Amino acid sequence: MTEIHETKDITLLTELAADVQELHHQMYPELFHPFDAPNVAAFLKTILENPENRAYIAVHENEVAGYMLLIPIRFPGNAFRKASNTLLI
């Protein structure tokens with residue numbers, strides 16, 4: 001059975017991000033930086049200081065199988081564009 005848990009464990013999230021970030025960098029080096037643990041950890045810490053942002057891990061058979069960051073993006077609207085809400089996953 002797989003369980004989902006919210007987490008604020010920056011060390012765990014940084015470790016989980018390593019393979020994904022390296023894969024992104026290898027496939028699209030023009031878009032993605034290589035994995036840099038101190039920078040990733042600092043970014044995650046900043047992101048999770050905002051109470052609207054969330055991080056979740058999936059635990060399958062007592063092992064962490066993956067993670068997900070949820071970051072709401074709210075645009076209040078202006079004279080040119082209507083207001084919108086987006087969820088960055």
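No value in this document is a laboratory result; all are computed from the given coordinates. None of these values were measured; they are calculated from a predicted model. No Cβ is skipped: glycine too gets one built from the backbone with ideal geometry, and neighbour counts run over all protein chains shown.
Select from region 46-86 the residues that are among the aromatic types (F, W, Y) and farther than 24 Å from I4 by Cα and list them in ascending order.
F75, F80, listed by residue number.
The criterion of at least 2 residues that are without any contact (Cβ under 8 Å) to a residue 40 or more places away in the chain, surrounded by 12 or more Cβ atoms within 10 Å (Cβ to Cβ) and within 11 Å of the chain's Cα centre (by Cα) is met, among strands (runs of 3 or more DSSP E) falling completely within the chain, by 63-75.
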